[in-house]
Amino acid sequence: MTVRFRRLLISVLIASTGLTAPARARQATLAHPALWPTAASPKAFTDAKTEALVSQLMSRMTLEEKVGQTIQGDIASMTPADLENYPLGSILAGGNSAPGGNDRAPPKAWTDLIDAYRAKALAKRPGHTPIPILFGIDAVHGHNNIVGATIFPHNVGLGAMRDPALIRRIGEATAQEVAAAGGDWTFGPTVAVPRDDRWGRSYEGYAEDPEVVKSYSGPMTLGLQGELKPGQPLAAGHIAGSAKHFLADGGTQDGRDQGDAKIAEDELVRVHAQGYPPSIDAGILTVMASFSSWNGQKLAGNHSLLTDVLKGRMGFEGFVVSDWNAHGQLPGCSNVSCPQAINAGLDMYMAPDSWKGLFDSTLAQVKSGEIPMARLDDAVRRILRVKVKAGLFDRVAPATQGQFDQLGAPAHRAIAREAVAKSLVLLKNQGVLPIKPGARVLVAGAADDIGKAAGGWTLTWQGTGNKNSDFPHGQSIWVGLQDAVKAGGGEAELAPDGRFKTKPDVAIVVFGEDPYAEFQGDLANLEYQPGDKTDLALIKRLKAQGIPVVSVFLSGRPLWVNPEINASDAFVAAWLPGSEGGGVADVLVAGQDGKPKRDFQGKLGFSWPKRADQGPLNRGQPGYDPQFAYGYGLSYAQGGQVGTLSEDPGAVAAAGSVDRYFVAGRAPPPWMISFSGAGAVKAIDAGAQENGRQATWTGQGPGQLAIQGPPVDLSRQTTGDMAVMVRYRVDAAPTRPVTMSIGCGEACAGTLDVTALLKAAPPAEWRSIKIKLSCFQAAGAKMDHVTAPFVVGADGALTLSVTEVRLASNEGDAVCPK
């Protein structure tokens, strides 16, 4: 069916209904299956042996056991013992969940915990049908949850490779490492098509164009799962996958996470659906429904898409799982009650901390008929079918569980290194690359920071706080460059600040975005380091000394870096390469024969912006005007000249900081720090000139240190379990009670008592504390209207210094003061 004919058919279908305006609005969320591509799960998915076993199991299961199969809880909110009374079908470890709350837990701690859940699920009890649990985890770029695992480049880089065969090998290596650590199921492949790079999850997509996504989804599915075979489970070392997020998570307006894709059905089909048929045809066992909406209706409650299109037109025989408590966002639903979702076609609720209440309500809704028994049975059949094909009834644990030498195995690291090299995109080269043999090379910036190169979804959800020691098998970009330069007969010096001991022949400056994950990475515009261009200053300082500069840019998306490109002699988009930094050196540095190990082969999967105000920038759209077009990428074999680029960022307003309140000695716009009442605040030196503030309460009346500004909405950050992080020092202990609050307008505040916290702090010692936003919400703060994210109040004497106040991910270290 041609695009033109599809659009015509849509218009005819809608116009012929003669609907009123409100009805047409509802029609905008109703999919027409005939317009969608066809697909079909392989016959090996529903072979007679599998279906007979499923039918036998269902004939023995109680209603409670069937309901339990449709619910998934998180290890942070339930114990193995809970399975005795709540026979859930699946357990997951979310982005910040780990054994004992230790996100650096060793592999054995993971397998022991997973085995404990398995044992309870399979324990013999009167009236109980033993059904194995399906253990799921987010292996976003390798088994990124475990110290020592191979961390592959994020998808934004893999898309630049244009190499489906390598994608399959990455899937195979990832599956082997997840299985070795006890996992049954990963929530991937991600087949999103990000259309606005301001979205904080853009790096999870392969490209802005569905052609790349379509070419990768099948191979990645086969890499993770292997080929389905009739009457047989997945082969050893393979795990179940989940194509996600159905649908148009990458098409939301303004790139807003969990937002609304306000697009016609034609675009939904043509752009955002293309990754699903190849994955379904390859045998994907599960599909994850998106948090987001299509024309105002949440995907987790859209019957026409989940049932009529996905399970009908596309012939998907596996089960549909929701995202993290996404069902609770449906109108009329809560986290603990949502019959609308399962009736729309959802089969398994991801209810990490709401599983108990959801179990009780769902059971009652089935008994009352609000959820038809036929719908429940269909969901359970699909879930059990997946468990049979995943091999859960053939073994207690994965056959390769405990083979911890698979984590960071040399063969897997070699695959990752190859992927790094193939993902690099050369934007500019004025003859400085490759680095010549025998050169004296300065390496500056963040070259020796594997955590920054790995980005979000690395050991923790947001990927923050990681050190090189957390990657015992990894190699930083610096170490890779150092080895390559030495092998070529040269010398390499590391100086993060660019202050060298011996003047180099060339400098390599590695810089870019700090780690982030969903919603924390959402941007107002695409300018890199707006208003505080420290990396540009470093490049210019080196250039002023007559040193050629090669810039290696780490980012989860293209950003407006025209000033940095102009200041550089060569500019390389390295994306988020992960733990194998040697792959960068393989392309940048020549050996003694004068040639590097590899040429550049990466091509842009995302259009590079000419201005910072170019939010949606995708090939084929009206007025398409990028700085570097989709598919662009220079090489040594095919060079090209890049002239001086415009440094006009376009029509961008000063972007206010939603999550940084006091950093580097100042409150960034729109925030202001002040003291009112009995006391004062002054600037202090705390490791750097005037980078802190010291507040003194005299004790002669109430006083208040506050950071205030216009209202901001922190409700999403609150549900995302973020925390206020404060780096502080108690210089004089409090003599009377002290509170910390989040202000939300007149007569509105969430106030917590922090007296004990400050009294317990050793005097004159810098410390950090994370306090959950949810604590302030529970105390009364309206998180959708925050006007003061940090307020400390006291009416007794107190001297308190701070150097940093910002939002941070709860990595098991955030608290509610008691």
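The values are calculated or read from the model by the stated rules, or taken from the named source; none is laboratory data. As the structure is a computational prediction, the values presented were derived from the model and not from experiment. Reconstructed Cβ throughout: ideal geometry from the backbone, glycine too, with neighbour counts over all protein chains shown. With ligands, DNA and RNA removed, areas are computed over all heavy atoms of the protein, side chains included. Shrake-Rupley method; radii C 1.70, N 1.55, O 1.52, S 1.80 Å.
Each part reduced to its alpha carbon centroid, segment 98-154 and segment 762-818 end up 33 Å apart.
Close amide-amide hydrogen proximity is noted between Val642 and Asn429, each under 5 Å apart and 5 or more residues distant or on a separate chain (H modeled in the peptide plane; Pro and chain starts excluded). When Rg and Dmax are taken over the Cα atoms of segment 707-809, they come to 13.4, 37 Å.
Equivalent-ellipsoid semi-axes for segment 342-431 (Cα gyration tensor, √(5λ), whole Å, largest first): 44, 22, 13. A Cα-only calculation for segment 605-707 places Rg and Dmax at 23.5, 75 Å. Near the amide H of Met288, within less than 5 Å, lie the amide hydrogens of Ala243, Lys244, Phe246, Val321, all on another chain or at least 5 residues away, with H placed in the peptide plane. Taking the DSSP bridge list for segment 400-555 and keeping only pairs wholly inside it, about 5 percent are antiparallel.
Put simply, when 408-414, 580-586 are sorted by average Cβ atoms within 10 angstrom per residue, most first, you get 580-586, 408-414. Projected over all directions and averaged, the alpha-carbon convex hull of segment 38-167 occupies 11.2 nm². Annotation for segment 426-499 versus segment 568-599: alpha-carbon center distance of 10 Å. For segment 583-656, the equivalent ellipsoid derived from the Cα gyration tensor has semi-axes of 32, 15, 12 Å, listed largest first.
Calculated from the alpha-carbon coordinates, segment 118-200 shows an Rg and a Dmax of 17.1, 56 Å respectively. Suppose a student asked you for the relative contact order of segment 128-250, using Cα pairs under 8 Å spaced at least 6 residues apart; what percent would you report? Relative contact order here is 32 percent. Give the distance, in whole Å, between the Cα centre of segment 714-760 and the Cα centre of segment 503-539. Comparing the Cα centres of segment 714-760 and segment 503-539, I get a distance of 31 Å. Accessible surface for Tyr117 stands near 0 Å², nearest 10, in the context of the full protein assembly shown (1.4 Å probe).
When the scattering of segment 297-405 is computed by the Debye formula from its Cα atoms alone, each counted once and equally, what is log10 I(q)/I(0) at q = 0.15 Å⁻¹? With no solvent term, the Cα-only Debye profile gives -0.69.
Accessible surface of segment 102-182, 1.4 Å probe: 58 percent of it comes from carbon and sulfur atoms. For the chain, the solvent-accessible area works out to 35 Å² per residue, with a probe of 1.4 Å and every protein chain left in place.
If one puts a single equal scatterer on every Cα of segment 629-760 and applies the Debye formula without solvent, what log₁₀ I(q)/I(0) results at q = 0.14 Å⁻¹? Debye curve over Cα of segment 629-760, log10 I(q)/I(0) at q = 0.14 Å⁻¹: -0.81. Per the Debye formula on identical point scatterers at the alpha carbon atoms of segment 492-583, with no solvent, log10 I(q)/I(0) at q = 0.20 Å⁻¹ is -1.03. When all alpha carbon pairs of segment 745-785 are counted in 10 Å bins from zero, the resulting P(r) reads 24, 42, 26, 8 %. For Ser334 and Gln641, the FRET efficiency from 1/(1 + (r/R0)^6), where r spans their Cβ atoms and R0 equals 60 Å, is about 0.50. Tell me the carbon and sulfur percent of the accessible area for segment 761-818, rounded to whole percent, probe radius 1.4 Å. Whole-percent figure for carbon plus sulfur exposure: 48. Sequence-ordered 3J(HN,Hα) estimates for segment 663-670 from the Karplus curve with 6.51, -1.76 and 1.60 and θ = phi - 60° stand at 9, 6, x, 8, 9, x, x, x Hz, glycine and proline given as x.
Taking every alpha-carbon pair under 8 Å whose residues sit at least 6 apart, the chain reaches a relative contact order of 12 percent.
With only the Cα atoms considered, segment 46-118 has a convex hull volume of 119 Å³ per residue. Give me D for segment 417-517 in µm² s⁻¹, whole number, from Stokes-Einstein with Rh from the Kirkwood sum over alpha-carbon pairs, 4 °C and 1.567 mPa s. Calculated translational D: 88 µm²/s. Per-residue ellipticity at 222 nm from helix content only, as computed over the chain with -39500 (n - 2.57) for each DSSP H run of at least four residues, stands at -7500 deg cm²/dmol.
Geometric descriptor of segment 660-731, per residue, is 118 Å³ (volume of the convex hull of the Cα atoms). Helices assigned as whole DSSP H runs in the chain whose Cα atoms extend at least 20 Å along their own long axis and whose mean Kyte-Doolittle hydropathy is -1.0 or higher are found at 107-122, 164-180, 210-225, 373-389. Residues whose amide H comes within less than 5 Å of that of Leu92, counting only those at least five positions distant or on another chain, are Gly73, Asp74, Ile75, Gly136 (H built at 1.01 Å from N in the peptide plane).
Volume of the convex hull of segment 400-441 (Cα atoms only), normalised per residue: 119 Å³. Highest mean first, the peptides 268-278, 72-82 sorted by other C-beta atoms within 10 Å per residue fall in the order 268-278, 72-82.
The portion of the accessible surface of segment 271-403 made up by carbon and sulfur, rounded to a whole percent, is 50 (1.4 Å probe; DNA, RNA and ligands excluded).
By the Stokes-Einstein formula, at 0.692 mPa s and 37 °C, the chain with its Kirkwood radius over alpha-carbon pairs has D equal to 118 µm²/s.
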